[in-house]
Amino acid sequence: MIKRTIKQLTAMITVENTVSSFENVEFQGVCIDTRKLEKGNMFIPFKGEKLDGHTLVEKAIEQGASCALWEEDVPNP
């Protein structure tokens, strides 16, 4: 699996409100489901019909996600 840093990600896509002290944080793989999250993954929450994944960002970090990328109009959990 390919590893990337937050800094490398921000060079590929437009990201707002990135904290520079986190730019060297590495992630390996991406996950949208905390039940399938692997240590080091980036967690990307989605709003579904029954659940807003943004409410699970803290849980994802506790489970080993190295970072999270969420919608800009959702407050930082």
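The values are calculated or read from the model by the stated rules, or taken from the named source; none is laboratory data. None of these values were measured; they are calculated from a predicted model. Virtual Cβ from ideal backbone geometry, glycine too; neighbours counted across all protein chains shown. Note: accessible area is taken over every heavy atom of the protein model, side chains too, but ligands, DNA and RNA are not part of it. Shrake-Rupley method; radii C 1.70, N 1.55, O 1.52, S 1.80 Å.
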Q | Matching residues in the range 8-63 - criterion: being assigned to a loop (DSSP other than H, G, I, E, B), under 20 Å from PRO75 (Cα atoms), aliphatic (A, V, I, L, M) and open to solvent by less than 60 Å² (accessible area, probe 1.4 Å) | A | VAL15, ILE44
Q) Name the pairs whose Cβ atoms lie under 6 Å apart, with the first residue in the range 59-77 and over 20 Å from LEU9 (Cα atoms), the second β-branched (Val, Ile, Thr), and 6 or more positions between them or separate chains? A) LYS59/THR34; PRO77/VAL57
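Yes/no per residue for (1) free of Cβ contacts under 8 Å to residues at least 40 places away in the same chain; (2) within 16 Å of TRP70 (Cα to Cα):
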| residue | (1), (2) |
| --- | --- |
| MET1 | yes, no |
| GLN8 | yes, no |
| ILE13 | yes, yes |
| PHE27 | no, yes |
| LYS36 | yes, no |
